[in-house]
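Worksheet: the structure to be examined is printed underneath.
Quick note: the coordinates plus some simple rules give every number you see, no bench work behind them. Model, not experiment: these values are computed from the prediction. Ideal geometry is used to build each Cβ from the backbone, glycine not excepted, and the neighbour counts take in all protein chains shown.
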Amino acid sequence: KQEVTQIPAALSVPEGENLVLNCSFTDSAIYNLQWFRQDPGKGLTSLLLIQSSQREQTSGRLNASLDKSSGRSTLYIAASQPGDSATYLCAVGVNAGNMLTFGGGTRLMVKP
Amino acid sequence: ETGVTQSPTHLIKTRGQQVTLRCSSQSGHNTVSWYQQALGQGPQFIFQYYREEENGRGNFPPRFSGLQFPNYSSELNVNALELDDSALYLCASSAEPGAFSEAFFGQGTRLTVV
């Protein structure tokens, strides 16, 4: 059974810092990995999708890497801003149907 | 804007009642998945529908059931509601099952069972 863990569970940083969020998974046989952002009480916004054959994806200030062999992904946020404050979730696609197994999330607060 | 819409946004039900939640998938998407998110936790997969057929199911009891319609919209039905069913229910749509398929989520339905 695939298990996904995100560390740390919560993170508070001053504005402008570069930061890394970590995601680990127990079974390397994944189809893809997706990072999401969730604002309090809201739905999920897709940030980046990395297919199993890819090593990284970039979108603006965000960069996500994938190391299937070690069961790890990282989300790098450059020059953090207060508007980045949210919960960040990683999810792995465990089969061809792209059914997602989620981690518990990292709650990020960026202080002005 | 993702294009996935869910209704209603909030709902309060009494234990033992039945509830139906609705989801309209993004245009061009034929796959809909449902997730349950308890407070402070990550979402958990309930089931997926692909072209009106159930395509996979998570570890949820049979009182959680669903439908997908010819226009690819979907319903989640929960019978005999329990207090632990209180959660945010999320619907996700994608173009086709597969590794290249990005999931787009709606804003969710907050269900409270009292």
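Screening B:Gln36, B:Gln48 for residues that are within 14 Å of chain A (Cβ to nearest Cβ), closer than 15 Å to B:Thr109 by Cα and surrounded by 14 or more Cβ atoms within 10 Å (Cβ to Cβ) leaves exactly one candidate, B:Gln36.
Considering the stretch A:81-112, and only residues there that are surrounded by 21 or more Cβ atoms within 10 Å (Cβ to Cβ) and of a type in the set (S, T, N, Q), the residue that is nearest to the other protein chains (Cβ to nearest Cβ) turns out to be A:Asn98.
Among the residues making up the stretch B:2-33, those that are in a strand (DSSP E or B) and within 12 Å of chain A (Cβ to nearest Cβ) are B:Thr5, B:Gln6, B:His10, B:Cys23, B:Thr31, B:Val32, B:Ser33. Listed by first and then second residue, the pairs linking a residue in the stretch A:18-47 that is at positive phi to a residue that is assigned to a strand (DSSP E or B) and not aliphatic (A, V, I, L, M), with Cβ atoms under 8 Å apart and 6 or more places separating them unless they lie on different chains, are A:Gly41/B:Arg110. For the stretch A:29-36, state whether one or more residues are among the β-branched types (Val, Ile, Thr), surrounded by 14 or more Cβ atoms within 10 Å (Cβ to Cβ), outside any strand (DSSP E or B) and within 14 Å of another protein chain (Cβ to nearest Cβ). Yes, the stretch A:29-36 has at least one match. Within the stretch A:96-111, residues that are at positive phi have Cβ atoms under 6 Å from residues that are of a type in the set (Val, Ile, Thr) and part of a loop (DSSP other than H, G, I, E, B) in no pair, counting only partners at least 6 apart in sequence or on another chain. Scanning the stretch A:62-80 for residues that are part of a strand (DSSP E or B) and more than 14 Å from chain B (Cβ to nearest Cβ) yields A:Leu62, A:Asn63, A:Ser65, A:Asp67, A:Arg72, A:Ser73, A:Thr74, A:Leu75, A:Tyr76, A:Ile77.
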